[in-house]
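Below is one structure, written out as structure tokens; the observations come after it.
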Amino acid sequence: MAHRISRHGDSRSFPDGDPFLETGGGDAAVVHVLIGSEAGAALDPSDPARVVLVELDHECLGAHTGEDAGREGGRVLGFARYRNGDDPPSNLIELVRQPETDPDAIDLARAVFEDAGFEVALCSDQAGRIIDRLVRPKYNSALRFLDEGLATAESMDLTCRLGLSYPDGPIERVERGGLARHHDVTRALFEIYGTPGFAPARRSVVAAMRRDREGA
């Protein structure tokens, strides 16, 4: 699929050296992929590409395109490559559509990533998309269980690995990904949805406070 890539700040989905950055062609490409932390700010309504893809963090695509009472959508889609904190990015792309997104635009966007060897999951324009909305409450619960003395970190992790065949447990995964990063994501989701499961657990709040103090 003919596409081009433009970079606007650091990218969580495609960090320096990622092979995907070497793909793409010239300005006449069918699909324009905007990557980086400022990708949304770089979105240009006059972009000549048939499809425009915007890298997201945990925000909604509508924050960059605007919304229209459920009639929003067109040729602009969002995307994020799932990544557990500072771990290397996974092979999964969450592709974000709006209610009236052009079906042909979805097919072209999917083709760009699938041709590059990624698995693509199509999701609606919800903050946190699919994975973060599923896993963040589980991480918060495990952190609260640890605080309440219901189980040790080692016991919870071992139970998930042996009993559920998970590759790792919730505590080791969220700590490896970064408790401060977990705080930032889950706090943003809590502000949007107000669901108690998204309320940042104490240990993540502490980690974020320490990060902010040390970075000041």
What is the residue count in segment 196-216 for residues that are surrounded by 12 or more Cβ atoms within 10 Å (Cβ to Cβ) and farther than 15 Å from ILE171 by Cβ?
-> 9
ILE131, sole failed condition from (1) within 14 Å of HIS182 (Cβ to Cβ); (2) out of contact with any Phe, Trp or Tyr (no Cβ under 9 Å at 6 or more places or on another chain); (3) among the hydrophobic types (A, V, I, L, M, F, W, C) = (2)
Among the candidates LEU179, LEU122, LEU189, LEU146, which residue alone is over 21 Å from ARG83 (Cα atoms), modelled with pLDDT of 95 or more and surrounded by 14 or more Cβ atoms within 10 Å (Cβ to Cβ)?
-> LEU146
Taking segment 82-122 and keeping only residues that are in contact with a strand residue (DSSP E or B) (Cβ under 7 Å, 6 or more places away or on another chain) and aliphatic (A, V, I, L, M), one is left with LEU92, ILE93, LEU95, VAL96, ALA105, ILE106, LEU108, ALA109, VAL112, VAL120, ALA121, LEU122
Filter result for ILE93 (surrounded by fewer than 21 Cβ atoms within 10 Å (Cβ to Cβ) and in contact with a Phe, Trp or Tyr (Cβ under 6 Å, 6 or more places away or on another chain)) | no
Counting only residues that are of a type in the set (A, V, I, L, M, F, W, C) and under 24 Å from GLY70 (Cβ atoms), how many does segment 100-119 have?
-> 4
Restrict the check to segment 60-78 and report whether at least one residue is surrounded by fewer than 19 Cβ atoms within 10 Å (Cβ to Cβ), within 20 Å of HIS32 (Cα to Cα), within 17 Å of the chain's Cα centre (by Cα) and without any contact (Cβ under 8 Å) to a residue 24 or more places away in the chain.
-> yes
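Pull up segment 105-119, narrow it to residues that are acidic (Asp, Glu) and without any contact (Cβ under 8 Å) to a residue 40 or more places away in the chain, then point me to the one that is surrounded by the most Cβ atoms within 10 Å (Cβ to Cβ).
Of the residues in segment 105-119, the ones acidic (Asp, Glu) are 107, 114-115, 119.
Then keep just the ones that are without any contact (Cβ under 8 Å) to a residue 40 or more places away in the chain; that gives 107, 114, 119.
Working: ASP107: 11, GLU114: 13, GLU119: 11.
Residue satisfying both the conditions and the ranking: GLU114.
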If ASP47 satisfies every condition in (1) of a type in the set (Asp, Glu); (2) surrounded by 15 or more Cβ atoms within 10 Å (Cβ to Cβ); (3) modelled with pLDDT of 95 or more but one, which is the exception?
-> (3)
Residues (crowded, with 22+ Cβ neighbours inside 10 Å and at pLDDT 95 or above) located in segment 126-137 = ARG129, ASP132, ARG136
For segment 55-76 the number of residues that are more than 21 Å from ILE192 (Cα to Cα) and among the aliphatic types (A, V, I, L, M) is 1
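The values are calculated or read from the model by the stated rules, or taken from the named source; none is laboratory data. Since this is a predicted model, take the numbers as computed values, not measurements. Glycine gets a Cβ as well: all are built from the backbone with ideal geometry, and neighbour counts include every protein chain shown.
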